[in-house]
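These notes concern the structure reproduced below.
The values are calculated or read from the model by the stated rules, or taken from the named source; none is laboratory data. Fair warning: this is a prediction, and the values are worked out from it, not measured in the lab. Virtual Cβ from ideal backbone geometry, glycine too; neighbours counted across all protein chains shown. Only protein heavy atoms, including side chains, enter the accessible area calculation; ligands, DNA and RNA are left aside. Shrake-Rupley method; radii C 1.70, N 1.55, O 1.52, S 1.80 Å.
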Amino acid sequence: MLAYDLHCHSRYSDGTLSPAELVARAAERDVKVLALTDHDDVAGLEEAAQAAAQYGIEFINGVEISVTWRKHTVHIVGLHIDPQNPALVEGLRSIRSGRRHRAELMAESLARSGIGGVLEGALRYASNPEMIGRTHFARYMVEAGHCKDVRSVFNRYLVKGKPGYVPHDWANLQDAILWIRGSGGIAVLAHPGRYTAGRKPMGRTTLLELLQEFVDFGGQGIEVVSGSHTPPQYAEFARYAKEFGLLCSCGSDFHGPEESYRDLGRLPDFPLECTPVWTSWEAAPA
Ligand code: AMP
Ligand code: MN
Ligand code: MN
Ligand code: MN
């Protein structure tokens, strides 16, 4: 098991726990090094860092930036960012500013399919209203009895081709990498196994093109062991890491006790050929 968990969410984006609760849960599960990576926001980092200090956990300032690359939404994790860096702060603010309007359009689309009152309902789940997103809609739609769980909502609604889906322009790939690196952080391609083209997985050729652009713009790492990857995908992305000279990262992508692929600190070790991303900030062994 890895003692590092470098990808998870608090209530400041679409997780269900406060940063302090999240850190307490990580400590119970023997996580030694934790990064909080809320979507498009750094507001939870201070609370998490304070809690981590109490538990003796090494805390890493992180973020997960929403990016539009060609027609695809991809996510770039920044590790060891400076949450006060002006260009990063302004970039994240600009991404968040589109979320409210998108949510209104999502609610209108659902209303046309006979599902009303969703914006008000979803907002009740968004502790940080600027960060309203699909997960908050999904939680409300479960509460209202439209689906049995969050995953079923994403199968029937909110994804391309289904009611409630609204295309959106997030940050561009180069900007996201520049904001992260400009603040002293390391840019990591999040969960490459999750990207889709329409309703199908992203093809291999497209993924290789994404990796090449990511590297050309200064991307440094790739999530190999992710809560949302299968063991064959660990091997596949370890190979790509080697091919593209990328550091390997790992994270549960934990969102809450009821909804996550994997709990905090429950990640298996990397494939042998991986160079862990933390070698870039830890002193090399003597
Ligand atoms: P948004 O940034 O508002 O588009 O929301 C994206 C979030 O929705 C992701 O970070 C996940 O937490 C969640 N999500 C996306 N697809 C799924 C899915 N198939 N099942 C469960 N959650 C999903
Ligand atoms: Mn999420
Ligand atoms: Mn993600
Ligand atoms: Mn995530």
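Some notes on this structure:
- Of residues in the stretch 162-179 being assigned to a loop (DSSP other than H, G, I, E, B) and open to solvent by 70 Å² or more (accessible area, probe 1.4 Å), the one farthest from residue 221 (Cα to Cα): 167
- Considering only residues in the stretch 201-217 that are out of contact with any Ser or Thr (no Cβ under 9 Å at 6 or more places or on another chain) and among the hydrophobic types (A, V, I, L, M, F, W, C), the one that is surrounded by the fewest Cβ atoms within 10 Å (Cβ to Cβ) turns out to be 208.
- Residues of the stretch 180-192 that are open to solvent by 30 Å² or more (accessible area, probe 1.4 Å) and either of a type in the set (D, E, K, R) or within 16 Å of ligand 3 (Cβ to nearest atom) (or both): 181 alone.
- Odd one out for residue 266 among (1) within 16 Å of ligand 4 (Cβ to nearest atom); (2) part of a strand (DSSP E or B): (2)
Matching residues to (1) open to solvent by less than 10 Å² (accessible area, probe 1.4 Å); (2) away from ligand 1 (no atom under 16 Å from the Cβ):
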site	(1), (2)
2	no, yes
8	yes, no
11	no, no
36	yes, no
76	yes, no
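- As for the stretch 165-186, it holds at least one residue that is in contact with a Leu (Cβ under 7 Å, 6 or more places away or on another chain) and without any contact (Cβ under 8 Å) to a residue 60 or more places away in the chain.
- Of residues in the stretch 132-161 being closer than 25 Å to residue 96 by Cα and in a loop (DSSP other than H, G, I, E, B), the one farthest from ligand 3 (Cβ to nearest atom): 161
- Residues that are away from ligand 1 (no atom under 16 Å from the Cβ), open to solvent by 40 Å² or more (accessible area, probe 1.4 Å) and modelled with pLDDT of 95 or more do occur in the stretch 220-231.
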